[in-house]
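Down below is the structure, laid out as structure tokens.
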Amino acid sequence: MHYVLKVRCKTPIAMGKAGFYSGLDAVLLHRLCLWTGGDTDAARERMPLERDGELWACGGGYNPQDALFLSRTAPRRVPVFRLFLRDGGFREMAALPPDELQTEINAFFGQETEATGDAYAVVRNARELHFRFRSTDPERVLYLLRVEPFLGPGHSVGWGEIERVDLEEKGETDALWVYTDPLNRLTRPVPMDWTDVDGQESLSALEAPYWSMPKVPARVPYPVGVR
């Protein structure tokens, strides 16, 4: 059976380094690793998704607002500053006189601006992501999304804070529906020999974690704002 997982957030969702949103298998794997002590192989064994050969039967997230504009909304880089208030060592440093505090910060972090400053690519209207998937246990997918209160990169600075998660049953659809958005754009890496999908040719892992090896010839989504 095919489903759409709808995740509504209080704050915009940051994009990954590749220029598009997280894949559902990556989101679920991250949460499952909480129970396996970071053992990705053990986490994969508990994945509540069906498989299509080399990959889990799920897509990457897409912003439903983009369908209204017929193209992905262009992102903007947002500078942020991380909070170190929970770091006991940093709290002790904060009690020092200003000149000594600066010296300690430089010694501890190397360079203050690199330690405290960062930037994330964010689309202003991206407060909701939809994920298409196929599963025999959709309620477990819903449960896992509710395990942690954030979605995607940038949660350490407040991006992607989840407000609610809903599940919609779609019945049976065509084979490629899971991997595309409403405009038939690819939302996750697929094998290169899938000739019926439009995407960039690249080297990519075919299942989460996508930064891991081995990488194989694949078709991947166009970056947000390109198509």
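Out of the residues in region 1-23 that are open to solvent by 20 Å² or more (accessible area, probe 1.4 Å) and hydrophobic (A, V, I, L, M, F, W, C), which is nearest to residue 181 (Cα to Cα)? Filtering first and then ranking leaves 20.
When residue 143 is tested against the conditions (1) within 29 Å of residue 217 (Cα to Cα); (2) open to solvent by 60 Å² or more (accessible area, probe 1.4 Å); (3) modelled with pLDDT of 95 or more, the lone failure is (1).
Right, residue 84: in a loop (DSSP other than H, G, I, E, B) and either modelled with pLDDT of 95 or more or closer than 23 Å to residue 209 by Cβ (or both) or not? Write out each step before concluding.
On the way: in a loop (DSSP other than H, G, I, E, B): yes; either modelled with pLDDT of 95 or more or closer than 23 Å to residue 209 by Cβ (or both): no.
So residue 84 fails the test.
Would you mention how many residues in region 156-186 are in a loop (DSSP other than H, G, I, E, B) and closer than 22 Å to residue 140 by Cα?
Summing the residues that are in a loop (DSSP other than H, G, I, E, B) and closer than 22 Å to residue 140 by Cα in region 156-186 gives 3.
Taking the stated definitions as given, is residue 49 in contact (Cβ under 8 Å) with a residue 60 or more places away in the chain, closer than 16 Å to residue 209 by Cα, out of contact with any His (no Cβ under 8 Å at 6 or more places or on another chain) and open to solvent by 30 Å² or more (accessible area, probe 1.4 Å)? No; evaluated as a whole, the condition is false for this residue.
With respect to residue 187, determine if the residue is touching a Pro at 6+ places or on another chain (Cβ under 9 Å), within 15 Å of residue 22 (Cα to Cα), at pLDDT 85 or above and polar (S, T, N, Q). When the stated conditions are applied, residue 187 passes them.
Just to be sure before I move on: is residue 217 assigned to a strand (DSSP E or B), open to solvent by 20 Å² or more (accessible area, probe 1.4 Å), more than 16 Å from residue 58 (Cβ to Cβ) and not aliphatic (A, V, I, L, M) in the structure I sent? The answer is yes for residue 217.
Which of the residues belonging to region 178-188 are free of Cβ contacts under 8 Å to residues at least 40 places away in the same chain and either buried (at least 17 other Cβ atoms within 10 Å of the Cβ) or of a type in the set (Lys, Arg) (or both)? Write out each step before concluding.
Going through region 178-188, the residues free of Cβ contacts under 8 Å to residues at least 40 places away in the same chain turn out to be 184, 186.
Result: 186, single match.
Residue under question is residue 168, and the condition is that it be among the charged types (D, E, K, R), open to solvent by less than 70 Å² (accessible area, probe 1.4 Å), at pLDDT 85 or above and over 15 Å from the mean Cα position of the chain (by Cα); does it hold?
Working: among the charged types (D, E, K, R): yes; open to solvent by less than 70 Å² (accessible area, probe 1.4 Å): yes; at pLDDT 85 or above: yes; over 15 Å from the mean Cα position of the chain (by Cα): yes.
It is true that residue 168 is among the charged types (D, E, K, R), open to solvent by less than 70 Å² (accessible area, probe 1.4 Å), at pLDDT 85 or above and over 15 Å from the mean Cα position of the chain (by Cα).
The values are calculated or read from the model by the stated rules, or taken from the named source; none is laboratory data. As the structure is a computational prediction, the values presented were derived from the model and not from experiment. When we count neighbours, we look across all protein chains shown, and the Cβ atoms used for this are built from the backbone with ideal geometry, even at glycine. Each accessible area value is taken on the protein alone, full model and side chains, heavy atoms only, with ligands, DNA and RNA left out. Shrake-Rupley method; radii C 1.70, N 1.55, O 1.52, S 1.80 Å.
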